[in-house]
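The values are calculated or read from the model by the stated rules, or taken from the named source; none is laboratory data. From a predicted model like this one, the values you see are computed outputs, not experimental measurements. Quick reminder, even Gly has a Cβ in these numbers, built from the backbone with ideal geometry, and neighbours come from all protein chains shown.
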């Protein structure tokens with residue numbers, strides 16, 4: 001057990017680890033009952049040395065339960081012996097349910113925030129590489145089981161380095177966010193659009209089962225980026241080089257499937273670059 005919050009002279013206990021055995025707090029959790037210690041110098045249930053270190057002589061400890069699950073212990077302490085009365089017990093008892101509920105929901109929110117940060121890109125809010133691979137593994141297993149196909153799109157943002165070099169990294173970040181927002185707006189809930197890092201994105205299309213569907217999806221993405229981004233008086237062009245791969249035609253495992261999509265994307269990028277050079281000549 002660890003002290004997570006404290007006030008008054010008990011602030012010295014913050015972060016202190018306490019064994020369940022040989023302490024009134026541990027006994028409180030074990031029995032699920034409110035316990036009182038009138039004098040730590042004479043009560044055999046308490047850790048006398050620990051009480052002396054923090055200047056504690058009397059205390060009340062109450063278990064905090066949320067739907068029969070223990071979430072912690074509330075401890076009220078005093079440097080004076082025999083400091084608590086029956087009315088204090090009643091007030092403390094009425095507080096416990098509210099405190100337990102608040103602690104439970106705060107812990108769930110913290111877990112949710114930590115999970116979100118671990119699985120999403122901080123700049124765009126999109127799923128990150130780890131979450132994309134997890135979704136792809138799940139889809140692969142389901143497709144094998146049901147004998148169906150799906151598509152993966154590899155997307156590489158064109159001209160991001162040029163935007164960064166010409167207009168600055170704030171403009172580059174704005175272009176990344178805008179690209180992510182526009183593509184996300186036309187993506188099905190059942191699909192997963194992720195930023196893999198830098199200018200790389202990927203899109204898992206669960207309801208696309210052939211090349212025609214994959215090409216149509218790529219065309220919709222390109223159309224979504226047709227209008228330039230207005231940024232601080234500049235018009236920043238947005239475009240993606242897109243390649244696709246189908247399961248199981250282009251790969252029956254994750255790595256071959258993604259490699260096939262990447263190769264198709266690079267071919268698109270080379271073709272686009274060659275066309276631009278021919279036009280310039």
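Taking residue 126 as the residue in question, decide whether it is under 38 Å from the mean Cα position of the chain (by Cα), touching a residue at least 40 places away in the same chain (Cβ under 8 Å) and farther than 23 Å from residue 205 by Cβ. Walk me through how you get there before you give the answer.
Numbers: under 38 Å from the mean Cα position of the chain (by Cα): yes; touching a residue at least 40 places away in the same chain (Cβ under 8 Å): yes; farther than 23 Å from residue 205 by Cβ: no.
Against the criterion (under 38 Å from the mean Cα position of the chain (by Cα), touching a residue at least 40 places away in the same chain (Cβ under 8 Å) and farther than 23 Å from residue 205 by Cβ), residue 126 does not qualify.
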The condition from (1) in contact with a strand residue (DSSP E or B) (Cβ under 6 Å, 6 or more places away or on another chain); (2) surrounded by fewer than 21 Cβ atoms within 10 Å (Cβ to Cβ); (3) in a loop (DSSP other than H, G, I, E, B); (4) modelled with pLDDT under 90 that residue 33 misses is numbered (1)
List the number of the failed condition for residue 122; all other conditions in (1) farther than 30 Å from residue 235 by Cα; (2) out of contact with any strand residue (DSSP E or B) (no Cβ under 9 Å at 6 or more places or on another chain); (3) not in a helix (DSSP H, G or I) hold. (1)
So which residues in the range 178-195 are loosely packed, with under 12 Cβ neighbours inside 10 Å and free of Cβ contacts under 8 Å to residues at least 24 places away in the same chain, if there are any at all? 189, 190
Residues in the range 196-220 that are touching a helix residue (DSSP H, G or I) at 6+ places or on another chain (Cβ under 6 Å) and either more than 22 Å from residue 138 (Cα to Cα) or surrounded by fewer than 14 Cβ atoms within 10 Å (Cβ to Cβ) (or both) total 1
Against the condition touching a residue at least 60 places away in the same chain (Cβ under 8 Å), crowded, with 19+ Cβ neighbours inside 10 Å, in contact with a strand residue (DSSP E or B) (Cβ under 6 Å, 6 or more places away or on another chain) and within 27 Å of residue 162 (Cα to Cα), how does residue 257 come out, does it pass? no
Counted residues in the range 125-147 being loosely packed, with under 12 Cβ neighbours inside 10 Å and not in a helix (DSSP H, G or I) come to 1
